[in-house]
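*Asks:* Here's a structure for you.
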Amino acid sequence: MRRKDKLVTDLKVLHEVINKAEVCRLGLVDDSKPYVVPLSFGFDGKYIYFHSATEGRKVEILLHKNKRVCVEFEQHVELIKERKACGYGVRYLTVIGDGFAEPVHDVAEKNYALNQLMHHYEPAWTDELFTDQQLASVLIFKITIEQMTGKASKMTL
């Protein structure tokens with residue numbers, strides 16, 4: 001990272017940003033073209049889980065072309081306005097991670113992953129077993145993060 005003064009390496013802070021984020025932006029490479037898609041997700045402190053339809057561009061890329069991914073999360077984003085254009089700025093706290101995504105086939109892990117998604121958006125969620133029909137109607141992917149960094153404006157920390 002060019003601006004070392006903005007670097008955030010504290011794992012607790014990075015996980016907090018992920019846990020409070022409403023959206024995960026998933027970056028993929030489709031042949032030589034970048035492709036970014038917003039996702040709902042769950043995070044258990046080790047893996048990021050997301051669900052998907054059983055077909056589509058994202059699925060085609062991950063299953064048949066390239067399982068490498070980049071994910072982005074953000075918190076505290078706020079535009080700072082000034083009287084002159086060069087005075088404008090943005091307050092932010094972001095996390096970017098690089099890794100790979102793989103499909104989850106094990107029924108118990110698929111249930112676990114879907115419950116992680118539910119817990120992310122509804123902390124009081126009580127785990128449930130999803131039906132075979134529900135599990136068959138979606139693909140579940142698990143992202144393993146190999147490298148993660150954070151970046152913050154000085155105003156955020």
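*Asks:* Working carefully through the options G56, G45, find the one that is in contact with a helix residue (DSSP H, G or I) (Cβ under 7 Å, 6 or more places away or on another chain) and of a type in the set (G, A, S).
*Replies:* Going through G56, G45 in turn, the sole match is G45.
*Asks:* Which pairs have Cβ atoms under 6 Å, sit 6 or more apart or on different chains, and link a residue in segment 88-100 that is in contact (Cβ under 8 Å) with a residue 60 or more places away in the chain to one that is in a strand (DSSP E or B) and of a type in the set (D, E)?
*Replies:* Correct list of pairs: R91/E78; T94/E74.
*Asks:* Got at least one residue in segment 56-65 being in a strand (DSSP E or B), without any contact (Cβ under 8 Å) to a residue 12 or more places away in the chain, within 20 Å of the chain's Cα centre (by Cα) and over 20 Å from Q116 (Cβ atoms)?
*Replies:* Within segment 56-65, not a single residue is in a strand (DSSP E or B), without any contact (Cβ under 8 Å) to a residue 12 or more places away in the chain, within 20 Å of the chain's Cα centre (by Cα) and over 20 Å from Q116 (Cβ atoms).
*Asks:* So which of P34, P38 ends up being loosely packed, with under 12 Cβ neighbours inside 10 Å, in contact (Cβ under 8 Å) with a residue 12 or more places away in the chain, outside any loop (DSSP other than H, G, I, E, B) and not hydrophobic (A, V, I, L, M, F, W, C)?
*Replies:* Step by step, each of P34, P38 is checked, and only P38 is loosely packed, with under 12 Cβ neighbours inside 10 Å, in contact (Cβ under 8 Å) with a residue 12 or more places away in the chain, outside any loop (DSSP other than H, G, I, E, B) and not hydrophobic (A, V, I, L, M, F, W, C).
*Asks:* For segment 137-147, what are the residues that are surrounded by fewer than 19 Cβ atoms within 10 Å (Cβ to Cβ) and touching a helix residue (DSSP H, G or I) at 6+ places or on another chain (Cβ under 6 Å)?
*Replies:* None; the set is empty.
*Asks:* Tell me yes or no: at least one residue of segment 121-136 is in contact with an Asp or Glu (Cβ under 7 Å, 6 or more places away or on another chain) and either at pLDDT 95 or above or crowded, with 17+ Cβ neighbours inside 10 Å (or both).
*Replies:* Scanning segment 121-136 turns up no residue that is in contact with an Asp or Glu (Cβ under 7 Å, 6 or more places away or on another chain) and either at pLDDT 95 or above or crowded, with 17+ Cβ neighbours inside 10 Å (or both).
*Asks:* Only one residue in L117, L93 is of a type in the set (A, V, I, L, M, F, W, C), outside any strand (DSSP E or B), surrounded by 18 or more Cβ atoms within 10 Å (Cβ to Cβ) and within 15 Å of the chain's Cα centre (by Cα). Which one?
*Replies:* L117
The values are calculated or read from the model by the stated rules, or taken from the named source; none is laboratory data. Quantities reported herein were computed from a predicted structural model and do not represent experimental measurements. Here Cβ is always computed from backbone atoms with ideal geometry, including for glycine, and neighbour counts include all displayed protein chains.
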